[in-house]
Amino acid sequence: MTQTFADLGLGEDLLRAVDDAGYTNPTPIQAKAIPYVLMGRDILGCAQTGTGKTASFTLPLIDILAQGRARARMPRTVILEPTRELAAQVAENFEVYGKYHKLTMALLIGGVSFAEQDRLLSRGVDVLIATPGRLLDHCERGKVILTDTKILVIDEADRMLDMGFIPDVEKIVSLMPQMRQTLMFSATMPKEIRKLADAFLMNPKEMAVNPPSSTAETVEQLYVQTTHRQKRQILRALIDGEEEVKNALIFCNRKRDVADLHKTMKAKGYPVGALHGDMDQYKRMECLEQFRSGEMTMLICSDVAARGLDIATVSHVYNFDVPVNSEDYVHRIGRTGRAGRSGKAVTLVTKDDFKAWAAVRKIVKKDIPEHIVEGFAPPAPASSEEMSEDTAPKKRSRRSKTGRAAKAEAEAAVSDTELDAAAPTETDEETTTRKTRGRNGRKSTKETDAAGIEPDGAANGGKERNRRRRRGSPQDEVGEIEEMDVPYGQSSHVPAFLLR
């Protein structure tokens with residue numbers, strides 16, 4: 001038997017608003033979560049993107065907040081979102097479903113003036129939708145008091161973790177009363193999220209509609225093996241080869257790549273826009289509105305748009321870069337194939353992406369076929385070892401420099417020994433007739449006598465030569481110096497002023 005929203009215990013005014021929005025049957029996560037939220041239970045929900053998680057808490061909250069009244073600067077309900085776009089999306093849901101209720105709402109996000117937000121807060125709001133950083137700013141300024149908050153919603157908890165917002169969330173929770181209802185929703189369920197749930201929730205009702213990190217069956221997934229030089233050409237070939245590209249999202253890993261690709265695609269005549277975290281908030285909202293209205297059919301974006309974009313007409317998702325975090329792949333392609341519609345996701349994979357792509361294939365637990373683009377010769381196929389996630393670069397030796405030096409000296413000693421053994425042995429006669437050479441290569445007249453006894457002064461000859469070199473004697477440039485008769489007490493180096 002098919003379940004309807006009326007079977008979930010929602011009020012008449014709310015059911016009328018849902019019917020006006022064109023919905024009649026709840027999704028699995030909505031059917032499971034809404035009754036328990038109305039009962040006042042804490043919820044820990046896990047469901048893939050595009051399954052209606054937002055409505056699973058907005059609908060029952062509107063019904064609950066219909067009773068009671070808000071006080072100035074003391075919101076009754078707080079909803080935390082990781083990105084501005086997702087916070088704005090939730091605010092739109094409250095406006096659509098709460099149009100027959102007299103509820104007040106405030107949206108606290110960055111990039112917007114504090115004055116307008118302060119004005120709404122001073123009147124009192126029933127629902128406060130905010131990003132963690134902006135909410136803490138208002139709390140520190142004394143514009144928001146959370147001691148009377150009855151319900152806390154932490155949406156997209158895994159994204160909060162990835163973006164480093166968990167310390168801010170913990171601080172916000174510490175400002176709230178212990179006795180409250182807490183709802184936590186996430187598309188994936190890593191161990192860190194489980195620990196947060198144990199800290200924030202009290203005897204929660206756990207529910208998981210789909211396996212964690214699973215993708216929708218309505219999305220066709222492909223990958224194209226390419227090179228860095230051909231990526232942009234292949235992307236354009238993929239777009240031109242599709243007949244039914246209604247709206248397409250093109251994801252890049254870096255903001256700089258978003259700007260560069262947007263410039264290139266726009267120069268080629270494609271109706272594209274750009275969306276990344278460094279853009280002004282008004283420009284971001286304007287770009288999203290143009291994308292929704294169809295003024296631009298393609299949006300090049302970073303992962304900031306992987307959450308919070310609920311546009312039913314997105315037909316294609318192109319991953320220009322393989323995501324560094326494999327779980328981001330699930331959220332990226334979750335922008336298409338929503339609400340039972342079909343979609344297509346294509347990923348461009350270079351040789352440098354093999355390890356990251358292997359991690360993606362492992363997490364989705366699905367065989368993703370390769371697609372060959374007509375007119376482009378595919379690069380050399382990757383080996384199974386290269387496409388394996390376990391492939392890792394060889395570790396460098398940790399042998400100390402002292403150990404390497406000792407080994408080099410030992411090898412040098414062995415080489416010297418071998419050379420000495422191989423060299424011919426001098427006779428006594430050769431030893432007696434051997435002559436030394438000076439710096440310029442001339443032979444010295446000093447010889448060792450046949451008995452092996454050096455002449456007088458020869459033993460100190462080397463020291464004397466070194467002494468002259470240090471003094472910079474010009475005689476060293478000529479070569480070896482013959483012994484000269486020098487008067488007693490006068491050295492060979494006479495100061496110039498004495499010779500004038």
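All of the numbers you see were taken from the coordinates with simple rules; none came from a lab. Computed from a predicted structure; not experimentally measured. Note that we place each Cβ from the backbone using ideal geometry, even for glycine, and neighbour counts take in every protein chain shown.
Could you list, in their original order, any pairs among Lys53/Lys366; Lys32/Lys143; Lys191/Lys344 whose Cα atoms are separated by more than 28 Å? Pairs exceeding 28 Å: Lys32/Lys143; Lys191/Lys344.
Taking θ as phi - 60° and the Karplus parameters 6.51, -1.76 and 1.60, the scalar couplings of the range 365-379 work out to 6, 8, 7, 9, x, 8, 10, 9, 7, 5, x, 10, 6, x, x Hz in sequence order, x denoting glycine and proline. Residue by residue, the range 276-285 carries 3J(HN,Hα) couplings of 8, x, 7, 6, 5, 4, 5, 5, 5, 5 Hz when phi is fed to the Karplus relation 6.51 cos²θ - 1.76 cosθ + 1.60 (θ = phi - 60°); x denotes Gly or Pro. Each residue of the range 14-31 was assigned a 3J(HN,Hα) from its phi angle through the Karplus curve 6.51 cos²θ - 1.76 cosθ + 1.60 (θ = phi - 60°); the sequence is 5, 5, 5, 5, 5, 5, 5, 6, x, 10, 10, 10, x, 7, x, 5, 5, 5 Hz, with glycine and proline shown as x. For the listed peptides 273-279, 67-73, 51-57, a ranking on the average number of other beta carbons within 10 Å per residue, highest first, reads 51-57, 273-279, 67-73.
Report the relative contact order of the range 114-207, percent, no decimals, based on alpha-carbon pairs under 8 angstrom and at least 6 residues apart. Contact order relative to length: 30 percent.
Distant-in-sequence amide contacts of Val144, defined by a placed amide H-H separation under 5 Å and a gap of 5 or more residues or a different chain, comprise Cys139. Proximity of backbone amide H atoms, modeled 1.01 Å from N, is registered between Val153 and Val78, Ile79, Leu80, Leu183 at under 5 Å, excluding neighbours fewer than 5 places apart on the same chain. Taking amide H as placed 1.01 Å from N in the peptide plane, the amide H of Asn247 sits under 5 Å from that of Ser315, His316, each at least 5 places away or on another chain.
Relative contact order of the range 1-91, taken over Cα pairs closer than 8 Å and 6 or more residues apart, is 26 percent. Between Glu243 and Lys171, the C-beta separation translates, for a Förster distance of 45 Å, into a calculated FRET efficiency of about 0.30. Sorted from longest to shortest, the spans of the Cα atoms of the range 203-298 along the three principal axes equal 55, 37, 26 Å. With K and R counted +1 and D and E -1, the other residues having a Cβ less than 10 Å from that of Gly111 yield a net charge of +3.
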